[in-house]
Amino acid sequence: MGGVENEYTRLASEAERVLSSSTFKRSARSRDLLQYLIDETLAGRRDGLNETVIAQDVLSRDAGFDPSKDPVVRVQMRRLRDLLAKYYDAEAPDATERLALPQGGYRPALFGEAEVTALEPEPRAFPTRLIALSLVVLVGIGVAAFFFLRTDQSVRNTSVQNYPLVTVLPFENTTDDPGNDVFERGFQRQVAADLQRFRTMRVSLSNEQVVSPETAHYFGDAEFALTGKIMSLSNEVDILLSLVDLKTYRTVLRQRFRRLAGALDYYDLMAGISAEISGRVGGPSGAIEKHEFAEMTDVNLAVGLPEAQHLPSYRCIVLYEEFYEKRTPDLFNVAHDCIDARLRANPNDAALATARAFLALQSIPQLRLIDTDRLVETYSLDEAHALASNAVAMDPGYDMAHVVIGGAEFFRGEIGAAIRSLRQAIALNPSNAQALGSLGLAYMKQGDWTRAVESARLAQLHSKTRLPLYHFPAFFDGVLTRDPLKVARAAITATRTKAPYRPVLELLAAQLQGDAGRVEKFRADVQAYAVANGGDPLGGLRALLAEPETTSAVLEVLADAGVEVQIPEG
């Protein structure tokens, strides 16, 4: 027993040093997991450690935990192993004994440095060209809208009770024709049904005509009231919309929607307006999300924010959407901690699960989409793909889950599979701008320019945000055909990207438009970018471009601009 006791004493001492290190200071989850594994080992219970036990004891999973559907333990164990390696590299490089966790097991033990190296798996080959910041940004701008397949016009409340309840009132007919009264409740039901494309919202119908403190008791637990007026149904359809916060009775959104009648009948026109209203109100970066973020005065957007773990689910989604727009590590950390905590409480919430999968894609170190050294968690591509697959399994009718898994397939170089997943998302929700934009990039990668440009055009049509990536197919089609006018139109938005390859786009546009001043300005930036990418001036753009014709065309324009490039033959 003396040898075992001595081993356990050394194990406990080493664990204490590791757990008190600065490396582990910021990772509460990894500290808790390592402490648990050490405690169980020292108590003689290490033979009973398995994936299910760890999930239930440490990671707040319930008795229904299924490791085949939820990879949380494997993710956390991989992260713990990485953190241990980081600790010894940074803080204890000369340690003769090292605490380690052999692959495939959960039993911590002490090993010599050579033994630890032998425990490490062979590094998996990773397609280094898959930098495509673009597609992930699309996946989520928002991943950000949360839609569902609507098979009829009935109103369905989501089973998740942690999201805002919006009550929709009849739209008052203020035209001179009483025959239009039929549209008051017909349009009300249309708008309510369209709002339920979003997984992060509950919807109810109200018979009330007026929103005021005097009528508050008729709205139950609703947090927002959506009301409006039908102003005209003649040569044009004119709808006035109002969204009211029922806590303060302040108008959050007031907007008119007008459409010329033309060849379409009123029903088709109003269906289009209803779809637009639902997006303005409940979509990504819509009125309710922006209002909720403005209300979050108690949230200090800083790394390691403890309060984020106690926010309601919807505010976690709001933080995620805010990260999608601003893309800072601080917002990533807050959104990730918030979503992770809410998922432990609501493991079957498909909206949260999809948001976590999107964040996982953002955090992959090899893709360099964000400064991963500042993130509380990072994931591998396989882990992100598994999380997206899990979200699809939770809710096969949830279009955004298919968008995220399409993004993961794109990064893996599985373009055909990515196109299938993105088309499935569009089948579920034809107005999904993220799916349409991502599909445009996938077609562009294949060199199918007709479909790429059309998908991107539809994405622009359905999006409330002028996203640079929606203009990439038209931009590179212009580069391929050397059409300065087409490039100039697309470059207005395409060059607003925050991706590191932005100078390349600027230089391409300047060269094709004959702007010598801007060519001079951006040439040095592109040369510096090339140096940072091992002499390759395209860098992350290669993941987007079809081979070989588009890549060659881009390189030729860069060469004309004075950039040193090697143009591939053929």
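The values are calculated or read from the model by the stated rules, or taken from the named source; none is laboratory data. For clarity, every value in this text was computed on a predicted model and none was experimentally measured. Here the Cβ is made from the backbone with ideal geometry for all residues, glycine too, and neighbour counts use every protein chain on show. All accessible areas refer to the heavy atoms of the entire protein, side chains included, with ligands and DNA or RNA removed. Shrake-Rupley method; radii C 1.70, N 1.55, O 1.52, S 1.80 Å.
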Worksheet item: Using modelled amide H (1.01 Å from N, peptide plane; none on Pro or chain starts), what sits under 5 Å from the amide H of Ala109, excluding residues fewer than 5 places away?
Response: Ala100
Practice prompt. Would you please calculate the Kirkwood hydrodynamic radius of segment 1-118 over all C-alpha pairs and express it in Å, rounded to one decimal?
Written response: 14.8
Discussion item. Give me the 1.4 Å probe accessible area per residue for segment 26-87, excluding ligands and nucleic acids, in Å².
Written reply: 46
Fill in: Approximate spin-label separation Ala12-Asp525, in nm, with each point projected 7 Å along Cα-to-Cβ
6.0
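Summarise the long-distance tail of P(r) for segment 46-92 by giving the % of C-alpha pairs beyond 11 Å. Let's see the in-between values first.
Values: 743 of 1081 pairs.
Across segment 46-92, Cα pairs with separations above 11 Å total 69 percent.
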Worksheet entry | Per residue value of the accessible surface for segment 411-570 (all protein chains in place, 1.4 Å probe), Å² | 42
Worksheet item: Based on the alpha-carbon gyration tensor of segment 165-282, what equivalent-ellipsoid semi-axes (square roots of 5 times the eigenvalues) come out, in whole Å, largest first?
Response: 24, 16, 12
Fill in: Using θ = phi - 60° and Karplus 6.51 cos²θ - 1.76 cosθ + 1.60, couplings along segment 105-110 (whole Hz; Gly, Pro as x)
x, 10, 9, x, 7, 9
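Could you pull out the trypsin sites (Lys or Arg not before Pro) across segment 52-109 that fall in loop regions by DSSP (anything but H, G, I, E, B) with no more than 15 other Cβ atoms inside 10 Å?
Sparse-neighbourhood loop trypsin sites (Lys or Arg not before Pro): Lys69.
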Practice prompt. Could you check how much of the accessible area of segment 1-118 is carbon and sulfur, as a whole percent, using a 1.4 Å probe?
Written response: 48
Worksheet item: Sequence-distant or interchain residues sharing an amide H contact under 5 Å with Ser204, placed H: which?
Response: Val166, Thr167, Val168
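In segment 493-570, which trypsin sites (Lys or Arg not before Pro) fall in coil by DSSP and have 10 or fewer other Cβ atoms within 10 Å? Can you show the working numbers first?
On the way: sites: Arg496, Lys498, Arg518, Lys521, Arg523, Arg542; in loops: Arg496, Lys498.
Passing both the DSSP loop test and the Cβ count: Lys498.
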Worksheet, complete the sentence: Whole-percent carbon and sulfur contribution to the accessible surface of segment 165-282 (1.4 Å, no ligands, DNA or RNA) stands at 48
Discussion item. Explain nothing, just compute: Karplus ³J(HN,Hα) = 6.51 cos²θ - 1.76 cosθ + 1.60, θ = phi - 60°, for every residue of segment 442-451 in order, whole Hz, x for Gly and Pro.
Written reply: 5, 5, 4, 4, 7, x, 8, 5, 4, 5
Response to the item:
For Arg344 and Ile492, extending 7 Å from Cα along the Cα-Cβ vector and measuring point to point gives, in nm, a value of 4.9
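Cα convex hull of segment 472-569: mean projected area in nm², to one decimal? Spell out each step's value before the answer.
Details: hull surface 21.9 nm².
With every direction weighted equally, the projected area is 5.5 nm².
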Worksheet item: For segment 189-290, which chymotrypsin sites (Phe, Trp or Tyr not before Pro) are in a loop by DSSP, counting at most 15 other Cβ atoms within 10 Å?
Response: Tyr249
Fill in: Long-range HN-HN contacts of Ser232 with modeled amide H, under 5 Å
Asp238
Response to the item:
Sequence order, segment 520-533: Karplus ³J(HN,Hα) from phi using 6.51 cos²θ - 1.76 cosθ + 1.60, θ = phi - 60°, Hz rounded, Gly and Pro as x, gives 4, 5, 9, 4, 5, 5, 5, 4, 5, 5, 4, 4, 5, 10
Worksheet, complete the sentence: One would report the antiparallel percent of DSSP beta bridges in segment 165-282, rounded to the nearest 5, as 65
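Please give the length that would be gained between Ala261 and Phe111 if that part of the chain were fully extended, namely 0.36 nm times their separation in residues minus their C-alpha to C-alpha distance (nm, one decimal). It would help to have the intermediate numbers written out before the result.
Working: separation 150, 0.36 × 150 = 54.00 nm, distance 7.66 nm.
Separation in residues times 0.36 nm, less the Cα-Cα distance, equals 46.3 nm.
In whole percent, how big is the carbon plus sulfur part of the accessible area of segment 472-569, probe 1.4 Å, protein atoms only? Intermediate values should be presented prior to the final figure.
Values: 2130 of 4180 Å².
Using a 1.4 Å probe with all protein chains present, segment 472-569 comes out at 51 percent carbon and sulfur.
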Item to complete: In nm, give the distance between the simple-model label positions of Ser20 and Gln56, each being 7 Å from the Cα along the Cα-to-Cβ direction.
Response: 3.5
